[in-house]
Amino acid sequence: MSFNFTHRSFRDLVSEYNDGALTIPPHQREYVWGTKQNFIDELIFDILCGKFYGILFLNDVKGTESQKTPIHESEIEDGQQRFLTGYKFIVDQVHVSKKYSKMIYDMYRKDYLEEINNTNTSSERSKKLRKIVEAFDSGKAPNMFYFSDLPKTAQRQFERHTVVTHEQVL
């Protein structure tokens, strides 16, 4: 048995998951963090602050009976709740609460204004961001705040966040 530590972007892991190269084995518990808003808030906020995500433990299943398809390479052995929370945030299936959305907005307020004023930003996107800025600036922060509500700079930062993976070759 051998082990490899690697650094991968969250975006790369999401891509592998979407393609079926990275899966969650059937023995793992169901996703439960969806009912634990404080876990979601803290994980998303920590990633946007550049804090350590933790190690994602993977099993290399290439050439084993666990390999389901030719593209299937790895299974998440530990860290799937964190991974799925980040994944679900990117696809707007989980949100950040009002308290954390205000802290995130404060960190990225300048980026909202820059994106609104950027001539390459679509009018629809500018309108959406303008509504977000007006809501926060008037003290009416939304109760739910999604990945798509972030400025592009914050979205890229989240997707580029480095995740340490520990892959065990079976």
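The values are calculated or read from the model by the stated rules, or taken from the named source; none is laboratory data. Since we're looking at a predicted model, the values are computed, not measured. Cβ coordinates were reconstructed from backbone atoms using ideal geometry, including for glycine residues, and neighbour counts include every protein chain displayed. Accessible surface areas use protein heavy atoms only, side chains included; no ligands, DNA or RNA. Shrake-Rupley method; radii C 1.70, N 1.55, O 1.52, S 1.80 Å.
With charges only on Cβ, +1 for K and R and -1 for D and E, what is the dipole size of the chain about its Cα centre, in debye, rounded to 20? Mind dumping the intermediate values first?
Numbers: 23 positive and 24 negative charges, 167 e Å.
Computed about the Cα centre, the dipole is about 800 debye.
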Exercise for the section: Per DSSP H run of at least 4 residues, take -39500 (n - 2.57); add these up for the chain, divide by its residues and hand me the 222 nm value, nearest 500 deg cm²/dmol. Expected result: -14500 deg cm²/dmol
Fill in the blank from the handout: Check: C-alpha center the range 122-170 vs C-alpha center the range 1-73, spacing in Å is 20
Exercise for the section: Average the reciprocal distances over every distinct pair of alpha-carbons in the range 113-170, invert the result, and give the Kirkwood radius in Å. Expected result: 13.6
Handout entry: Loop-exposed trypsin sites (Lys or Arg not before Pro) per DSSP, neighbour cap 10 Cβ within 10 angstrom, longest uninterrupted part of the chain
Key = 30-139
Handout entry: For the chain, with +1 on Lys and Arg beta carbons and -1 on Asp and Glu, the positive-most of Pro142, Val96, Leu48 along the dipole
Key = Pro142
Handout entry: Alpha-carbon Rg with Dmax, taken over the chain, Å
Key = 18.0, 58
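Keeping every protein chain present and rolling a 1.4 Å probe, give me the accessible area per residue for the chain in Å².
Working: 9240 Å² over 170 residues.
Result: 54 Å² per residue.
For the pairs Lys102/Lys128; Lys110/Lys152; Lys98/Lys131; Lys36/Lys88; Lys102/Lys140; Lys51/Lys131, note any where the Cα-Cα span goes beyond 20 Å. It would help to have the intermediate numbers written out before the result.
Details: Lys102/Lys128 17 Å; Lys110/Lys152 12 Å; Lys98/Lys131 15 Å; Lys36/Lys88 14 Å; Lys102/Lys140 10 Å; Lys51/Lys131 29 Å.
Listed pairs above 20 Å: Lys51/Lys131.
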Completion exercise
Filtering chymotrypsin sites (Phe, Trp or Tyr not before Pro) in the range 23-88 by DSSP loop and by at most 12 other Cβ atoms within 10 Å leaves Phe52
